[in-house]
Structure formats: C-alpha cells, structure tokens
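Inspection log for the structure reproduced underneath, given as structure tokens.
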Amino acid sequence: MARLTFCGGARSVTGSNYFLETKNSKILIDCGLTQGGEHCPDVNWRAFLYDPSTIDAVLVTHAHADHLGLVPRLVNKGFKGAIYATKPTLGFAPVMLADSQEIIAKECKNKHQEPLYSQEDVKQCEQFFHPVEYKEMVHITPDIRVRFRDAGHILGSASIEAWITEDEHEKKFVFSGDLGNPPTPLLAPIDYIEDAEHVLMETTYGDRMHEDKEERLYLLKHVIEDTVQKNGVLMIPSFALERTQEILFELNHLVENAIVPPIKVFLDSPLAIRATEVYKQSNEFFNRKATNLILNGDDIFDFPNLSLTLTTEESKAINDVPPPKIIIAGSGMSNGGRILHHEMRYLPSPQNTILFIGYQAHGTLGRAIIEGHDEVTILGESIPVNARIESIGGYSAHADQNGLLRWISAINQGNNLKKVFCVQGEEEAATVFADIIKSELKVEATVPQTRDVFEF
C-alpha cells in the first residue's frame with residue numbers, strides 16, 4: 001500500500017513538502033522553506049521526517065523558495081537522487097537558491113546561528129537536475145510515472161500527475177502545485193487535468209475572490225497617476241518571479257502608449273533582474289499576445305525611464321532621485337531585501353504610496369502594513385506608517401476561489417475522484433474550500449495537518 005506523508009504545507013501557505021512512498025520507491029513532491037516574519041524561521045532547522053539518503057527523486061513544481069528552498073539542505077544531508085522539474089524552473093533554481101542562501105546567512109549572523117546550508121550545497125544541487133517537458137511521460141522509478149502539466153502560476157510552474165502501480169493495479173494522484181490566476185499578461189493558460197482518484201491541491205485564496213482582470217490595469221494606472229499628482233514615491237514590494245515581470249510588462253504598455261505621465265521607475269532587486277534574464281530566454285513558454293509583441297520587436301521588459309539597480313551603490317543612489325518615482329523591490333512580503341530600506345525612508349510620508357500585488361502571509365511585515373498598523377518595526381527601528389496603502393489582488397499569481405473550483409471541477413468530470421486534500425493555505429481558507437468541494441462536488445475533502453499520513 002502506498003503512503004503519503006504531509007511533511008509541510010499543511011494548514012500553511014508555505015513549506016510545501018510531501019513524501020510519497022511505495023514498496024519500492026520513495027519520492028518527494030517539493031521541498032520548500034517554511035516562511036513568515038523571517039525569510040527562514042527556525043522551524044526549517046528541524047530534522048526531515050524521512051532519511052534524505054533514501055529518497056529516489058524530488059519533483060519540484062516551481063522555483064519559489066517555499067517549494068524549492070530546502071533542496072540544498074536535503075543534498076547536504078545525503079540526498080543523491082534525481083531532481084525533476086521543467087526547464088524554466090531549473091533555470092531559475094541556481095539563482096533563487098543562491099539568493100536564498102545569502103538571505104539565510106545574514107539572518108543567521110544576526111542570531112549567531114549556523115546557516116541552514118552553504119553556497120557549495122547550492123552548487124551541488126545542479127548535478128542532480130533532470131529537465132522535463134510539459135506533458136512528457138517520465139518513469140521516475142519502476143512503479144511511479146509522472147507527467148508535468150502547466151499550472152500557469154509562474155514561468156515553468158507545474159501540476160504533477162502521478163501514476164502509482166502496485167500489484168498490477170494503477171492509481172492516479174495529482175499534486176496541484178500553485179495554480180495560476182489566468183488570464184495573465186505573459187503566461188500560457190492553465191492546462192486543466194481530466195481525471196484522478198486523489199488530489200492534493202493548494203488553497204491560498206480558497207476563501208476569497210480577486211478583482212476583475214480588466215480592473216487591475218486600471219487600478220495600477222490610477223495609483224501611478226495619483227503618485228505623480230502628489231509628487232510622491234510609489235513602493236511596490238514584489239516577488240522576483242512572475243509578479244515583477246508582469247508589472248514590467250504592464251508598465252511597458254502604460255508608458256510606451258503614454259497612458260500614464262512620464263515617471264522614473266527603478267527595479268531595485270538583483271534577484272528579479274537576474275530572473276528577468278531567464279524570462280528573456282524563455283519566449284516559447286509565453287502566451288500568444290506576449291509572443292506577438294516580441295516578434296514585432298518590442299522588448300517587453302524595457303521602456304523609457306526604467307533603471308535596473310543591480311549594485312548596492314546604485315540602490316542607494318535612488319534616494320537622490322527626486323520624486324515622483326516608482327520603486328519595485330523584493331521581497332514581496334517585505335520580510336527581507338531592499339524594500340525594507342525604502343519602506344523605512346518613505347512609509348512615514350502621506351504623499352507616498354505602498355502597493356501590494358501579492359499574498360502577505362501571517363507574521364510578515366507586509367501583512368502588518370496591509371492590516372493597517374500605525375507603526376511597524378523595520379530592522380530594529382519603529383517606523384510610523386502614514387503612506388497610503390493599496391492592494392491589487394488581480395495581480396496575484398494564485399487562483400482565487402472560483403479559479404480553484406474550476407480546476408478541481410475539471411478533474412471531477414472523470415467521475416473517479418475520491419478524495420481531495422486542501423493544503424498550501426491558511427487553515428481558514430483551506431477549510432472554507434474543503435467545505436465547498438464537499439457541498440458542490442459531493443466529494444470527500446479534508447484539511448490535513450503536518451505529519452498526517454494517508455494510505456491508498
């Protein structure tokens with residue numbers, strides 16, 4: 001009998017890590033950092049719930065740290081199997097993991113703690129990389145075969161279909177990864193899956209809906225116009241993958257078509273700058289609209305008055321540029337990165353604006369700001385929050401409640417769906433969505449806890 005152990009990602013948006021074992025095989029689906037107020041909280045130092053040296057393979061759904069960020073530690077602890085992911089995910093991985101290690105090292109230095117893993121561990125990961133194509137059938141072990149399907153979340157993201165054979169009987173399990181929020185400016189649509197017996201699915205926005213897709217560009221335009229009118233600074237905490245590239249794409253449209261007034265724009269994130277280079281080499285994964293713009297000679301990630309500030313000196317020089325200006329910087333939840341320095345400088349002024357375009361997890365600085373705290377602590381200092389606070393949920397890379405229901409309903413059409421596990425969402429969101437599955441699809445749904453085991 002096969003067993004699935006929930007090692008992370010249960011009743012939590014972050015820390016995705018699932019252990020699938022059969023009589024002959026042991027594989028992981030994702031091996032991600034648990035994140036919160038810090039990039040790497042202490043929970044990540046706990047021992048794995050399995051022996052890394054016995055794992056045959058890791059299947060990585062996409063390149064965000066909460067799905068990939070513990071892989072170097074896995075290697076450090078003896079893993080020598082194969083790491084399967086799409087070509088873009090493996091292209092991002094060295095950049096994302098190296099950046100993550102640097103952030104972890106800084107946090108550990110402040111806490112007088114040994115880093116979770118080293119840059120050498122990051123480099124060692126690459127020898128185990130095995131790129132796969134979407135819809136390619138891959139035999140991971142003699143009794144497990146898988147197929148990666150486009151999840152539409154970020155470039156290279158995947159849902160994974162897994163067929164497990166035991167005693168000549170085959171069972172199908174689907175792991176959603178993080179599901180996208182179509183239509184997006186850049187990515188191809190979600191590739192819906194037709195059938196499965198058991199599904200493990202994300203529920204980050206299982207209890208809410210996003211704004212209309214048409215409205216998000218209007219809202220962005222309005223915030224920029226307001227910033228120019230007030231002669232202020234617009235801060236956009238942004239995730240290095242997808243959100244940054246989507247915002248650059250939208251700004252390209254607004255600026256080059258003179259829809260917004262001229263304004264200086266700074267991409268102040270070395271990780272996002274490097275990730276954007278991977279995007280520029282991955283045109284074959286874009287949707288038709290973005291591809292046509294590229295074919296017509298448009299550099300979709302460049303426009304007048306955009307500056308890429310790679311070095312620390314260039315970043316500091318942004319302070320000397322008079323407003324109005326836009327600063328896009330990581331991290332997306334304000335739990336690290338250069339955005340902290342800009343928030344310290346610009347949050348106290350009511351003429352400035354901070355715009356959130358992604359999910360803000362419990363315990364993060366971004367969550368505190370968006371919840372309306374009058375004062376927040378940044379790098380040990382108390383900072384008054386007088387800036388205007390805005391949020392555009394339509395730019396979220398996660399499907400909302402309707403999008404999640406559409407995805408699982410497609411699978412249910414095969415009439416073989418027995419059970420759904422709602423994960424990668426806070427407990428309330430996951431519970432709300434589990435209840436929707438039970439009431440609307442008449443399918444068993446549950447919200448597992450860490451260390452729960454399911455046998456099938």
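The values are calculated or read from the model by the stated rules, or taken from the named source; none is laboratory data. Note that this is a predicted model, so its numbers are computed, not measured. Heads up, the Cβs are rebuilt from the backbone with ideal geometry, glycines too, and the neighbour counts pull from every protein chain shown.
May I ask you to verify whether residue 89 is among the hydroxyl-bearing types (Ser, Thr, Tyr) and within 24 Å of residue 240 (Cα to Cα)? Walk me through it before giving the result.
Numbers: among the hydroxyl-bearing types (Ser, Thr, Tyr): yes; within 24 Å of residue 240 (Cα to Cα): yes.
It is true that residue 89 is among the hydroxyl-bearing types (Ser, Thr, Tyr) and within 24 Å of residue 240 (Cα to Cα).
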Query raised in the report: List, please: which pairs have Cβ atoms under 7 Å, are six or more places apart or on different chains, and start with a residue in region 377-393 that is more than 16 Å from residue 237 (Cα to Cα) and end with one that is part of a strand (DSSP E or B)?
Result: 382/375; 383/375; 383/376; 384/375
Query raised in the report: Is it true that residue 358 is within 18 Å of the chain's Cα centre (by Cα) and surrounded by fewer than 24 Cβ atoms within 10 Å (Cβ to Cβ)?
Result: yes
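Give region 221-257 a look and list any residue that's more than 14 Å from residue 332 (Cα to Cα) and under 20 Å from the mean Cα position of the chain (by Cα), or say none.
Taking region 221-257 first, the residues more than 14 Å from residue 332 (Cα to Cα) are 221-234, 248-257.
Passing the criteria: 248, 249, 250.
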Requested in this report: Being of a type outside the set (S, T, N, Q), assigned by TED's automatic domain parsing to the domain that holds residue 165, closer than 18 Å to residue 451 by Cβ and surrounded by 23 or more Cβ atoms within 10 Å (Cβ to Cβ) narrows it down to one of 31, 40, so name that one.
Outcome: 31
Query raised in the report: Among the numbered criteria (1) assigned to a loop (DSSP other than H, G, I, E, B); (2) without any contact (Cβ under 8 Å) to a residue 60 or more places away in the chain; (3) under 27 Å from the mean Cα position of the chain (by Cα); (4) under 23 Å from residue 219 (Cβ atoms), which single criterion is violated by residue 272?
Result: (1)
Query raised in the report: Cβ-Cβ below 7 Å, separation at least six or inter-chain, first residue in region 342-364 and closer than 13 Å to residue 236 by Cβ and at pLDDT below 95, second part of a loop (DSSP other than H, G, I, E, B) and β-branched (Val, Ile, Thr): which pairs?
Result: 357/392
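Could you list, in sequence order, the residues of region 324-348 that are among the β-branched types (Val, Ile, Thr) and closer than 11 Å to residue 366 by Cβ?
Here is the first cut: in region 324-348, the residues among the β-branched types (Val, Ile, Thr) are 326-328, 339.
Listed by number, the list holds a single entry, 339.
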